[in-house]
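No lab work stands behind these numbers, since they all come straight from the coordinates. On a predicted model such as this, the values are computed, not experimentally measured, just so you know. We place every Cβ from the backbone using ideal geometry, glycine too, and count neighbours over all the protein chains shown.
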Amino acid sequence: MPLELTANPLLSERTTLRLGGPAVVEAVVRETADLDELSAFLTRETLPPFVLGAGSNLLAGDGPLELALVHIADCPGPERVERDGEAIIIRCGAGLRLPGLLGWAQKAGFSGLEGMTGIPGTVGGAVAMNAGSYGVEIGDLVTRIRVWSPAGGLVWLDRSQCAFDYRHFSPVKMPGKCLVWEVELALGESDPKSVRRAMHGVYEKKKKTQPVTAWTAGCVFKNPPEESAGRLLDKAGMKGVRLGHMAFSDIHANFLVNLGGGNAADALELMDMGRARVFEQFGITLEPEVIVL
Ligand SMILES: Cc1cc2nc3c(=O)[nH]c(=O)nc-3n(C[C@H](O)[C@H](O)[C@H](O)COP(=O)(O)OP(=O)(O)OC[C@H]3O[C@@H](n4cnc5c(N)ncnc54)[C@H](O)[C@@H]3O)c2cc1C
């Protein structure tokens, strides 16, 4: 089957911040067989490729973007693979939405992912970002990852071949970027009610402290060592600061919100303003967590 290609895919329709102009093309891969076609496409295509998950950690620019998007759709799983001592090993495709995985784990009574309740990305995006909250990072649970690159093909990497850092994943000894295709995680055994209670508790806390239903991309800046970027931005007076139709949330100062009709230029200016004020007051340089395209 030829690869599914869409011309001029709009980033504003593919990102949770609802910002961004058109990329040049989007290639959608659904099954392993599509990867050969993807390889041929990437050889033909001179544009830089960009793997797009759920677009929940992206700030895409307003104008046309010289990018070829690659998106995984129709993912298999999740499924229980085996027991390894106390742990239950589960497997799922990288395009699966994290909330879908959490819902499945809850019903099956598998624990470990509860802290990640409310993170809206895909499993592949969560691995690529080593996403985490409330004391859990996905990298802590990974046992194996199946990655793909045009040069290396499709290979399983053991945990020891994966380097996870704060909001960062890279395969050890594998140059360049790769597509995360499938993931295995080690979860604990619990009962559905306790898992549901824990997930509900995390979501209730997040609802009180984060703009969970607004158009955002999660935290804009990474937390500096031993610090909280939200606290620094709050103390620097950035909470609720607005430019055009973009604003730092008045619930959580590290979330940029699109109030409707916002644009990336204003979002970037607000980020610069926040970074400058925090540096002036605390001498700390904030690093973006959100990926700017
Ligand atoms: C309301 C809200 C709350 C959030 N809360 C949290 C939180 O608590 N903790 C947290 O860590 N994050 C949080 N985020 C940010 C975001 O949800 C996570 O970073 C998420 O893991 C990104 O996944 P995604 O599929 O949306 O990736 P995208 O935003 O599409 O992409 C992010 C990066 O991952 C890469 N990528 C995506 N899929 C793949 C793949 N299959 N293979 C290789 N690379 C890939 C992209 O190329 C890009 O570099 C939040 C976001 C929102 C909107």
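Given points 7 Å out from each Cα along the Cα-Cβ axis, report the E204 to R44 separation in nanometres with one decimal.
Modelled inter-label distance: 5.5 nm.
Between A236, A60, A128, which gets the highest mean-square fluctuation from a Gaussian network model of the chain, Cα cutoff 10 Å?
Maximum fluctuation in the GNM of the chain, among the listed residues, is at A236.
For the pair F279/T213, report the inter-label distance in nm, with labels modelled 7 Å from Cα in the Cβ direction.
Once both label points are built, they end up 3.8 nm from each other.
What does the net charge come to around V202 if you take all other residues with beta carbon closer than 13 Å to its beta carbon, with K and R at +1 and D and E at -1? Before the final figure, lay out the partial values.
Values: positive: R196, R197, K205, K206, K207, K208; negative: E114, E204.
Its environment carries a net charge of +4.
When Lys and Arg each count +1 and Asp and Glu each count -1, what net charge do the other residues less than 14 Å away from D84, Cβ to Cβ, add up to? Before the final figure, lay out the partial values.
Details: positive: R80, R83, R91, R144, R159; negative: E82, E86, D158, E184, E189.
Result for the local shell: 0.
If you stretched the chain out fully between K107 and A163, how much longer would it get, using 0.36 nm times the residue separation minus the C-alpha to C-alpha distance? Present the calculation step by step, with values, prior to reporting the outcome.
On the way: separation 56, 0.36 × 56 = 20.16 nm, distance 3.06 nm.
Roughly 17.1 nm would be gained on extension.
What are the trypsin sites (Lys or Arg not before Pro) within the stretch 174-269 that DSSP puts in a loop, where the Cβ has at most 15 other Cβ atoms within 10 Å? Each step should come with its number before you reach the end.
Details: sites: K177, K193, R196, R197, K205, K206, K207, K208, K222, R231, K235, K239, R242; in loops: K177, K222, K239.
Sites meeting the loop and neighbour criteria: K177.
With a ≥ b ≥ c the root eigenvalues of the C-alpha gyration tensor of the chain, is it rounded (a/c under 1.5), prolate (a/b larger than b/c) or oblate?
Details: a/c = 1.79, a/b = 1.16, b/c = 1.55.
It comes out oblate by the Cα gyration axes.
Suppose we keep just the DSSP beta bridges with both residues in the stretch 4-72; what percent of those would be antiparallel, to 5?
Numbers: 5 of 15 bridges.
Counting only bridges with both partners in the stretch 4-72, antiparallel ones make up about 35 percent.
For the chain, modelled as a GNM with alpha-carbon contacts under 10 angstrom, which of G118, G152, G55 fluctuates the most?
Of the options given, G152 has the highest mean-square fluctuation.
With springs only between Cα atoms under 10 Å, which of L58, L42, L19 fluctuates most in a Gaussian network model of the chain?
In the Gaussian network model the winner is L42.
Do me a favour and compute the ellipsoid semi-axes for the stretch 88-167 from its Cα gyration tensor, root of five times each eigenvalue, largest one first, whole Å. Before the final figure, lay out the partial values.
Working: eigenvalues 91, 38, 30 Å².
The answer is 21, 14, 12 Å, longest axis first.
Got a sec to turn the phi values of the stretch 68-85 into Karplus ³J(HN,Hα) couplings, 6.51 cos²θ - 1.76 cosθ + 1.60 with θ = phi - 60°, whole Hz, x for Gly and Pro?
Going residue by residue, I get 9, 7, 10, 10, 9, 10, 6, 8, x, x, x, 9, 7, 9, 6, 9, 10, x Hz, with x marking Gly and Pro.
Mind listing the long-range amide H neighbours of E4? Cut-off is under 5 Å, sequence gap 5 or more, other chains count too, H placed in the peptide plane at 1.01 Å from N.
For E4, whose amide H was placed from the backbone, the distant partners under 5 Å are V28.
Which net charge results for the neighbourhood of P288, defined as the other residues with beta-carbon distances under 15 angstrom from its beta-carbon, given Lys and Arg at +1 and Asp and Glu at -1?
Values: positive: R167, K222, R275; negative: E269, D272, E287, E289.
Cβ neighbours under 15 Å give a net charge of -1.
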